[in-house]
Structures are given as structure tokens and as C-alpha cells.
1. Can you tell me the 0 to 90 degree angle between the C-alpha axis of helix 73-96 and the longest principal axis of the chain, rounded to 10?
2. Report, to the nearest 10°, how far helix 2-16 tilts away from the longest principal axis of the Cα atoms in the chain, using its own Cα long axis and a range of 0 to 90°.
3. How many nm separate the modelled label positions at residue 71 and residue 12, each set 7 Å beyond the Cα in the direction of the Cβ?
4. If packing is taken as the average number of other Cβ atoms within 10 Å across a peptide's residues, how do 18-26, 111-119 rank, most packed first?
5. Pairs of alpha-carbon atoms within less than 8 angstrom and 6+ residues apart define the contacts here; what relative contact order does the range 1-61 have, in percent?
6. Over the range 2-147, what is the percentage of antiparallel beta bridges among all DSSP beta bridges, to the nearest 5?
7. Taking the chain as a Gaussian network, Cα atoms linked when under 10 Å apart, which of 52, 65, 79 shows the biggest mean-square fluctuation?
8. Based on the alpha carbon coordinates of the range 2-147, what radius of gyration and maximum Cα-Cα distance (Dmax) apply, in Å?
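Computed from the coordinates by the stated procedures, all read-outs in this text should not be read as laboratory data. As the structure is a computational prediction, the values presented were derived from the model and not from experiment. So basically every Cβ, Gly included, is an ideal-geometry build from the backbone, and we count neighbours across all protein chains shown.
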């Protein structure tokens, strides 16, 4: 589902938004501004282009491996979000040699990096995974699962 939402939103962004022209959504706090990011997270340059394919593919393989090892619904949702986000950005990179970003948040000149739904799904899934590990260690989560 996260992959579908990501790709559909990018199709809409490309058809409705001019590149580098901001459109206010929620005042100046949230704007849509279509950009292309040929680099990695936060626009960081990781080196040769093949790295931008290898890292996500390794991550995708690891997520699939761990997803098949769990029956925990919380973890499965988190893995699904991470997987959808990673594949969404990988599809862009394979198709366009860059990732389409269009969500711009901030106050005045203090702005976060422009991002897309795939980035949001990735980050949310990672936060869910970290939350599960830190707040509900394995023993406790297994106990909670048997109680429900």
C-alpha cells in the first residue's frame, strides 16, 4: 500500500506541479514544490551511482528476511512501510536516475529537506521498529501477544 501511495502521489506531483515552483498547502508551513534528488537521504552524495542501487537492494533483502521471521503484526506493518518506501524510491531511481521529492515543510527560511511519501513511510517504519525494540523487548512483546 505504501508503494502504491508513493508512486501515485509522484505521478500527481509530476502532472500538477511545475518544477521548483512552490504551491502553498498549509500556509507557508507545508508547501508542495517538485524537485529531483539525484543523491541520497537529505541530498547527501554517497559516491558512485551504483551505490544508490546497492544500498536499497541490501536493505530490501534484509527487511524481507526479517519480515518472514516474525508473526508480530506491529513489526509486519513497520517492515511493510520500510519496504514500500525503499522500493518507491528505487523505482524512481531506476526510471528517472533521481528521486522525485515534493513535500516542503518549515517555518519561514527554516525548512526541512524536501521529501516524498516514500521517505515518510521509510522514516515512520524505522521509528516503529525502534519503538518496538526499545519499548517492548522481545520477551515482553511475546507476552503481550499471548494476552491479546
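1. Helix 73-96 sits roughly 30 degrees off the main axis of the chain.
2. Once rounded, the angle reads 10 degrees.
3. 3.8
4. Listed from highest to lowest mean packing, they are 111-119, 18-26.
5. 19
6. Of those bridges, close to 90 percent are antiparallel.
7. Taking springs between Cα atoms under 10 Å, the residue moving most is 65.
8. When restricted to the Cα atoms of the range 2-147, Rg and Dmax are 17.1, 52 Å.
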